[in-house]
Amino acid sequence: MKQFYIPFIFMACLVSAGCNGKKEPVRLAFISGMNPVFDTALYAPLLNSLEDVVWKDYTTEESLELVKPENKDLYDVIVFYAICLEEIPESAKQHIANVIGEGKPAFILHDGLLTYNTWPEFARIAGMKYFMSAQTVDGVPYGVSRYKHKQDIPVTVADREHFITQGMDEHFVLHDEIYDALWQAPDLHVLWTTTHPESVRNVMYTHSYGKGKVVGIVMGHGPDIFSDRNFQLAFQRSIRWLTR
């Protein structure tokens, strides 16, 4: 599996199956360009491990173009993996809410919980929110969320019958960054939990926003976690579940 860099016009031709009837791969729109710390070399091994998936990085400007109605058929899943503390245009907010609410699936990976941090509605889209400043959600005040690098995180699979978690070890340890003091939507379907005393308890979940399916994983700072078998399996299965 390789990264793809295909012009928008040509990409539109890939929406339908090819002449030989072969199933087209899932196309991931990977929004990471807003984060100056992470680069492609960090997460490429994880994305390249996915079967029947092609992916493309998007910068801030590109991602805001991507969510416009005329471009919604150019990708199958949006992966949010970026810190964005700046305001985005109201039109872009509406496009993001619409494209997911109308059925485009989304994957919220780690720093995706920080993106569009001053836009309250994105928390409802994502299902969780990491606060970079004191904010109020649904009338409840929240302080700044917390993180801690390089932690051993004991994980328990909370729902072993779900499509995403089948075949995973029931208990395992991930080495990564933890988050705490997050807002969480009341309707999360929790897939993973942790007993780490300085971490939010629910660390993987499914969620919905309108007609759009959402998967969220709190961990994902890397690089160790990206080569972990259970994490890779969770990512692969999540993409398959989102596009079923």
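The values are calculated or read from the model by the stated rules, or taken from the named source; none is laboratory data. Note that the structure is predicted; figures quoted are calculated from it, not measured. Heads up, the Cβs are rebuilt from the backbone with ideal geometry, glycines too, and the neighbour counts pull from every protein chain shown.
When region 142-182 is examined, which residues are found to be surrounded by 16 or more Cβ atoms within 10 Å (Cβ to Cβ), polar (S, T, N, Q) and in contact (Cβ under 8 Å) with a residue 60 or more places away in the chain?
THR165
Which ones in region 206-230 are free of Cβ contacts under 8 Å to residues at least 60 places away in the same chain and within 18 Å of TYR147 (Cβ to Cβ)?
Answer for region 206-230, where residues must be free of Cβ contacts under 8 Å to residues at least 60 places away in the same chain and within 18 Å of TYR147 (Cβ to Cβ): ASP224, ILE225.
Residues being in contact with a Phe, Trp or Tyr (Cβ under 7 Å, 6 or more places away or on another chain) and more than 19 Å from PRO105 (Cβ to Cβ): count how many of those fall in region 205-236.
Qualifying residue count for the region: 4.
When you scan region 210-218, do you find a residue that is of a type in the set (A, V, I, L, M) and touching a Lys or Arg at 6+ places or on another chain (Cβ under 8 Å), even just one?
Among the residues of region 210-218, not one is of a type in the set (A, V, I, L, M) and touching a Lys or Arg at 6+ places or on another chain (Cβ under 8 Å), which makes the answer no.
Within region 75-92, can you find the residues that are buried (at least 18 other Cβ atoms within 10 Å of the Cβ) and either basic (Lys, Arg) or farther than 30 Å from ARG146 by Cα (or both)?
Listed by number, the residues that qualify are TYR75, ASP76.
Of the residues ALA234, ALA185, which is within 15 Å of LEU46 (Cα to Cα) and either surrounded by fewer than 16 Cβ atoms within 10 Å (Cβ to Cβ) or touching a strand residue (DSSP E or B) at 6+ places or on another chain (Cβ under 9 Å) (or both)? Write out each step before concluding.
Values: ALA185 fails: within 15 Å of LEU46 (Cα to Cα).
The unique qualifying residue is ALA234.
If we keep just the residues of region 101-121 that are at pLDDT 95 or above and of a type in the set (A, V, I, L, M, F, W, C), which is surrounded by the most Cβ atoms within 10 Å (Cβ to Cβ)?
LEU113
Please work out which residue is nearest to ARG124 (Cα to Cα), limiting yourself to region 41-90 and to residues that are assigned to a helix (DSSP H, G or I), modelled with pLDDT under 85 and out of contact with any Ser or Thr (no Cβ under 8 Å at 6 or more places or on another chain).
Step one: list which residues in region 41-90 are assigned to a helix (DSSP H, G or I), which gives 41-48, 60-66, 69-74, 90.
Next cut, modelled with pLDDT under 85 only: 41-45, 60-62.
Filter once more, keeping what is out of contact with any Ser or Thr (no Cβ under 8 Å at 6 or more places or on another chain): 41-42, 44, 60-62.
Values: ALA41: 31, LEU42: 28, ALA44: 28, THR60: 21, GLU61: 23, GLU62: 23 Å.
Filtering region 41-90 for residues that are assigned to a helix (DSSP H, G or I), modelled with pLDDT under 85 and out of contact with any Ser or Thr (no Cβ under 8 Å at 6 or more places or on another chain), the one nearest to ARG124 (Cα to Cα) comes out as THR60.
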